[in-house]
C-alpha cells in the first residue's frame, strides 16, 4: 500500500484496536457473523497515524475477520505530497485538488485548471484571453522541456477544450470531465512544479554549497598571519 500522508510505498503492520459484531449470525451452521474491525498503524517513513475500518465476517470474533471491504478513515482524504520548494499558495490548491479527486473529479479538475492558469500568469508572466491561448504560448516559449510541453498541450486535447469552451474561459467552473482528465491534470501540475520550482531551487542550493566549499578551501590555503613586532 501507499501511505495516504506521504504517498510512499510501505508494508505496514496493522494493529487491531477493536472488533464489533454488526449483525446477527449470517449462517447458523458455521456461526459466521458480520463484523467491523478498527485497525491502526504508523507509516514507517513519515511516522503519521493511519486508521482503517475493515468489514467482513468472522468465526472467532473478536480476534480476526475475513475482510470483504476496507475503508480509510484517517486521514480523511488521500493527497499527493508536494515538494517543499513549491510556494505554499500553489501547494495548498494542489493538495485540495488531490484530496477531492476520489469524491468529485469535476471539482478536482476545476481546481487544477485554475491552478495551472494561476502559475502560467503569475510565475511565467503569460496572460492571454483564456487558458487555451496561455497554454499555447507556454509550450512555444524557449527553455521548456519538450516532454513537459507535450504533456501540458495534451490537457487541451484530453479535456476537449474545443467542445467545452467554459473549461478555458472560466477555469474554475465545475463542469463534466472526460475519463482520467482530473488525474492527468494533477500529474501535469507535478511536472510543472518540478520544472518551475523544485529543480531551480535544488540547483541553486548545490551552487551555494559549492561556492561555500570553494571559500572554505581558499581560506585554508592562506599563509598563517605573521605577528608584528
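Where a number appears in this text, it was derived from the coordinates with a stated rule and is not lab data. Computed from a predicted model, the values in this text were never measured in an experiment. Counting neighbours? That spans all protein chains shown, and the Cβs are built from the backbone with ideal geometry, glycine included.
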Checklist line | segment 88-199, relative contact order in percent, only Cα pairs under 8 angstrom and at least six apart counted | finding: 33
Notebook entry, point to check: Looking at the square roots a ≥ b ≥ c of the eigenvalues of the Cα gyration tensor of segment 85-229, which shape do they give, rounded for a/c under 1.5, prolate if a/b is larger than b/c, or oblate?
Noted result: prolate
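Between residue 49 and residue 122, what FRET efficiency comes out of the Förster formula 1/(1 + (r/R0)^6) with R0 = 22 Å and r the beta carbon distance, rounded to 0.05?
It comes to 0.05.
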Checklist line | Förster-model FRET efficiency, 35 Å R0, residue 210 and residue 147, C-beta, rounded to 0.05 | finding: 0.80
Note to self: Can you classify segment 111-166 as rounded, prolate or oblate using the Cα gyration tensor, where a ≥ b ≥ c are the square roots of its eigenvalues, rounded means a/c under 1.5, and otherwise it's prolate if a/b beats b/c and oblate if not?
What the structure shows: oblate
Check: Hey, quick one: spin label on residue 203, modelled 7 Å out along Cα-Cβ, who in segment 129-153 has an amide N within reach, i.e. under 13 Å?
Finding: 143-145
Check: Which order, highest average first, do 199-210, 135-146 follow once you tally other Cβ atoms within 10 Å for each residue and take the mean per peptide?
Finding: 135-146, 199-210
Next item on the list: Once you have a ≥ b ≥ c as the square roots of the Cα gyration tensor eigenvalues for segment 142-219, tell me rounded if a/c is under 1.5, and otherwise prolate or oblate according to whether a/b is larger than b/c.
Entry: prolate
Next item on the list: Quote to one decimal, in nm, the extra length available between residue 70 and residue 103 on full extension: 0.36 nm per residue of separation minus the C-alpha distance between them.
Entry: 10.2 nm
